[in-house]
Amino acid sequence: LHSFPTRRSSDLIPFLAYFLLTWQSHARSATVMLFPLHHRHTAFVTLGLIGKMLQSFIVGNFLIGLLISGVSVAIFGLLHVPFFYFVGFLSGFLSLVPYLGIVLAMVPPILVGLGQLDAGGLLVVVLSVVGMHLIALNVLYPKLLGSRLRINPLAVTLALLFWGAVWGAIGLLLAIPITGAIKIICDHVESLKPFADWLGE
């Protein structure tokens, strides 16, 4: 028994997400059948709304990445960073990586800027990357993703703090969809509707 490597539950989350996405239709139907007959319609509707919420989450992340990338391209262009179009988009999307995003986003502009920019220019690059990362985490995520998922900014912020503390980087990545799924479930369970109202906008 001790010869097999052990895995934390958070290490298995990407595999679980993969199977949920690839077996979405089967998983939804099979899950509905677990409920008593009089609750199956509610379960079917709830699971469908959770699926749409996950799509909104993915689209929202993509929009945030595009926004950060666009601003990065503009700033790097003004600083005359070489290949600023490519570097800006790469840095913008790398900034979305939980925990390591702020470091990864700095690597492309600094690498291409070495020998091309002076110390002041490199400092502005670093400060702009840090600033955009903080804005994305503290403003864009709660506002944009929260509004798309109909979760208030306070709930989004608390979810990021809680799930980040529990599961680290994976927790930060999944905090918003988990909270969105909890809200949808609370919306459809009469005794939990006060919690749904608190999580909502």
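The values are calculated or read from the model by the stated rules, or taken from the named source; none is laboratory data. These numbers come from a predicted model, not from an experiment. Neighbour counts are summed over all protein chains in view; Cβ atoms, including those assigned to glycine, are modelled from backbone coordinates with ideal geometry. The accessibility values were calculated without ligands, DNA or RNA, using every heavy atom of the protein model including side chains. Shrake-Rupley method; radii C 1.70, N 1.55, O 1.52, S 1.80 Å.
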**Asked** Using r as the Cβ-Cβ distance of residue 135 and residue 165, and R0 as 22 Å, what FRET efficiency do you calculate, to the nearest 0.05?
**Response** 0.50
**Prompt:** How much FRET efficiency would the formula 1/(1 + (r/R0)^6) give for residue 63 and residue 198, where r is the Cβ-Cβ distance and R0 is 22 Å, rounded to 0.05?
**Reply:** 0.25
**Message:** Going 7 Å from the Cα of residue 126 along its beta-carbon direction, which residues of region 40-78 have the amide nitrogen within less than 18 Å of the resulting point?
**Reply:** 76
**Message:** Under a crude label model (7 Å from the Cα following the beta-carbon direction), how far is residue 107 from residue 31 in nanometres?
**Reply:** 3.4 nm
**Item:** Value of Rg/Rh across region 97-201 [Cα atoms, Kirkwood radius]
**Value:** 1.16
**Complete:** Using a 1.4 Å probe on heavy atoms of the protein chains only, the accessible area for residue 33 in Å², nearest 10, reads 110 Å²
**Request:** Give the shape of region 134-196 as rounded, prolate or oblate, defined through the alpha-carbon gyration tensor: a ≥ b ≥ c are the square roots of its eigenvalues, a/c under 1.5 means rounded, and otherwise the shape is prolate if a/b is larger than b/c and oblate if not.
**Result:** oblate
**Prompt:** How do the peptides 152-160, 109-117 rank, highest first, by the average count of neighbouring beta carbon atoms within 10 Å per residue?
**Reply:** 152-160, 109-117
**Prompt:** Cross-link partners among aspartates and glutamates for residue 143, C-alpha distance below 19 Å, same-chain residues fewer than 8 apart left out?
**Reply:** 197, 201
**Asked** So how much accessible area does residue 163 have, in Å² to the nearest 10, using a 1.4 Å probe?
**Response** 50 Å²
**Request:** May I ask you to rank 187, 197 by accessible area, largest first, using a 1.4 Å probe over the protein chains only?
**Result:** 197, 187
**Request:** Show 148, 40 ordered by accessible area, largest first, where the area counts protein heavy atoms only and the probe is 1.4 Å.
**Result:** 148, 40
